[in-house]
1. Any residue at all in segment 26-46 that is touching a residue at least 60 places away in the same chain (Cβ under 8 Å), of a type outside the set (Gly, Ala, Ser), touching a Pro at 6+ places or on another chain (Cβ under 9 Å) and under 23 Å from Asp129 (Cα atoms)?
2. Residue check: is Glu95 more than 18 Å from Cys42 (Cα to Cα) and without any contact (Cβ under 8 Å) to a residue 12 or more places away in the chain?
3. Looking only at segment 25-43, decide whether some residue is more than 9 Å from ligand 1 (Cβ to nearest atom), more than 23 Å from Ile223 (Cβ to Cβ) and surrounded by fewer than 24 Cβ atoms within 10 Å (Cβ to Cβ).
4. If Trp103 meets every condition in (1) buried (at least 24 other Cβ atoms within 10 Å of the Cβ); (2) of a type outside the set (D, E, K, R); (3) under 13 Å from the mean Cα position of the chain (by Cα); (4) closer than 22 Å to Leu201 by Cβ apart from one, which number is that one?
5. If Ala127 satisfies all but one of (1) under 22 Å from His172 (Cβ atoms); (2) among the hydrophobic types (A, V, I, L, M, F, W, C); (3) in contact (Cβ under 8 Å) with a residue 12 or more places away in the chain; (4) loosely packed, with under 15 Cβ neighbours inside 10 Å, what's the number of the condition it fails?
6. Can you name the strands (runs of 3 or more DSSP E) wholly within segment 137-200 that have at least 3 residues being touching a strand residue (DSSP E or B) at 6+ places or on another chain (Cβ under 6 Å) and over 27 Å from Ser86 (Cβ atoms)?
7. Looking at segment 70-86, I want the residues that are under 17 Å from Asp108 (Cβ atoms) and have a partner that is small (Gly, Ala, Ser) and modelled with pLDDT under 95 with Cβ atoms under 9 Å, at least 6 apart or on another chain. Which pairs are those?
Amino acid sequence: MSRHFAIVPAAGSGSRMGAERPKQYLMLAGKPLLWHALATLCAVTRIEQVCVVLSPEDEWWAAFDWILPGDKLRVLRVGGATRAESVTNALQRLEGEVRADDWMLVHDAARACLDVAQVDALIDTLAEDEIGGLLAQPVADTLKRANVDVRVAATISREAMWQAQTPQMFRHGLLLRALTMAQGVTDEAGAVEALGLAPRLVAADATNFKVTYPQDLALAEIILRARGKT
Ligand code: CTP
Ligand code: MG
């Protein structure tokens, strides 16, 4: 039986947030933003270990309490210059401890509103899958491509278009091979696709959005408070 591990890249600087600290350490519903995704992943019964990937220069982590369910948390200070590099470094660190067919669930620290049911659905759907896959949402809006003057250059059909989210779930051996070979990918699925494989899309919903801009914090807070998580 393959085991399940979570990897949470949290070594970014949050430049689009424009705050005085990396966005993963901004306060959200009474806790650092990063705490929420870690708490959800630690609460997933089938996940054995939750590895958070920090920058080696991170000076914020130690300033907070990280009381989380299940004693599953592990800190890896191996963050790199890009998200892909942070994930690759973590996978390399786990080599030898995990088996090639163990599942890795890679989740953005910035998706603070992930809930346990979404993760369970991903694990259930992919249990027998040859390749792996990701949470994603079918696009509901009409899509426009902009020109340099910020005017509409084209309308793009939304048919069969999905927005990629995380967790993205692939086996350790395949994912490390894919990320080592791929250049310039922004997510794990992109690296696996570059090998000619087709990851499975597992429908999630808009609450699993990535906190990116200042106005996103208020929306995340509303979602968490509505769930009584605070
Ligand atoms: N991340 C990482 N290592 C990097 C860059 C990003 O671990 N070198 C992580 C972030 O901490 C975040 C996730 O990858 O949890 C998704 O990235 P994003 O939302 O783009 O966060 P930032 O890169 O920090 O934000 P920005 O792009 O606005 O600077
Ligand atoms: Mg980024």
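The values are calculated or read from the model by the stated rules, or taken from the named source; none is laboratory data. Because the structure is a prediction, the values reported are computed rather than measured. Heads up, the Cβs are rebuilt from the backbone with ideal geometry, glycines too, and the neighbour counts pull from every protein chain shown.
1. Within segment 26-46, one or more residues are touching a residue at least 60 places away in the same chain (Cβ under 8 Å), of a type outside the set (Gly, Ala, Ser), touching a Pro at 6+ places or on another chain (Cβ under 9 Å) and under 23 Å from Asp129 (Cα atoms).
2. The answer is no for Glu95.
3. Among the residues of segment 25-43, not one is more than 9 Å from ligand 1 (Cβ to nearest atom), more than 23 Å from Ile223 (Cβ to Cβ) and surrounded by fewer than 24 Cβ atoms within 10 Å (Cβ to Cβ), which makes the answer no.
4. With (1) buried (at least 24 other Cβ atoms within 10 Å of the Cβ); (2) of a type outside the set (D, E, K, R); (3) under 13 Å from the mean Cα position of the chain (by Cα); (4) closer than 22 Å to Leu201 by Cβ applied to Trp103, the lone miss is (3).
5. Just one mismatch for Ala127, condition (3).
6. Working: elements: 143-146, 152-156, 162-171.
Filter on segment 137-200 gives 143-146, 152-156.
7. Within 9 Å, the pairs are Thr82/Gly184; Ala84/Ala182; Ala84/Gly184.
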